[in-house]
Amino acid sequence: MLSLHTNAASLSTQTSLDKTQRSLSSLQTSLGTGYRVNSAMDDAAGLQIATRLDAQTRGQAVAMRNTQNSISLAQTAEGAFNEVTSILERMKDLATQAADASSTTSAQSAMQSEYDALGKELNNIMKNTSFNGQNILMGTGVATSAAAGTLGTSLTFQIGASSAETMAVDFSTDLNAVDGKITAATATYTGTATVGTELMTGTSANGEIQKLSDALDAV
């Protein structure tokens, strides 16, 4: 075939050089990134698979961080309830001692003072225990506001990379039960009274023993 002003050999050489340049560019990109597949030009199917796997891996990494945060939240709540348990046990000891006939009025008064202080400390723990800047138990320190804290509502944790990988928990009933039992055991817990009378007589102190046992069971 005749052609005017055409250098077939030159065109062939240019095409070969262009192909070589593209191959070299692709190789340099692969060396720079460390990936075999960097664009659809390298391997369209492989790129699609790699992109999907990368998205899943990144999602799982975030889900792992979510899980660690959830564990930290639970550990914070556990630490608070361990302290609540210790305080309730001490209050029960005081009630048991005050209920005995050998306890004098002055001794009962001294025990009542400690009992009142412990009730206020329970309020402080339930009101101020926080995680990530948010109160997780009662929230505002009023007995009826247990639901105001993070654990006072149903929680859904994202534990996987897909929308279906979640875990739902609801501690609100248990938290309200703890709040109610403590409220029944000490007047200073809710802040409605600064001084209680629970241990001032043997009879009333005896009644506190069961209330405190109920509170401990709720915790």
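Taken together, the values in this text are just the output of simple stated rules run on the coordinates, not laboratory data. Just so it is clear, the model here is predicted, and its values are computed rather than measured. Counting neighbours? That spans all protein chains shown, and the Cβs are built from the backbone with ideal geometry, glycine included.
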Using 1/(1 + (r/R0)^6) with R0 = 30 angstrom and r between the beta carbons of Thr20 and Arg52, what's the FRET efficiency to the nearest 0.05? 0.40
Taking the number of other C-beta atoms within 10 Å as the exposure measure, put Arg90, Arg58 in order starting with the fewest. Arg58, Arg90
If you place +1 on the Cβ of every Lys and Arg and -1 on the Cβ of every Asp and Glu, how big does the dipole about the Cα centre of region 59-171 come out, in debye to the nearest 20? 300 debye
Rounded to the nearest Å, the spacing of the alpha-carbon centers of region 60-88 and region 158-219 is 18 Å
Quick one: Karplus J couplings for region 128-137, per residue in order, coefficients 6.51, -1.76, 1.60, θ = phi - 60°, nearest Hz, x for Gly and Pro? 10, 5, 9, 9, 6, x, 10, 5, 10, 9
What is the extension gain from Glu165 to Ser70, computed as 0.36 nm multiplied by their sequence separation minus the C-alpha to C-alpha distance, in nm to one decimal? 32.7 nm
If neighbour count is taken as other Cβ atoms inside 10 Å, put Met91, Met64 in order from fewest to most. Met64, Met91
Highest to lowest packing among 167-173, 186-192, scored as the average C-beta count within 10 Å: 186-192, 167-173
Which lysines, on any chain, are close to Lys127 with Cα under 27 Å apart, when same-chain ones fewer than 8 places away are left out? Lys92, Lys181, Lys211
Show the residues, 5+ positions off or on another chain, whose built amide H is closer than 5 Å to the amide H of Phe131. Ile136
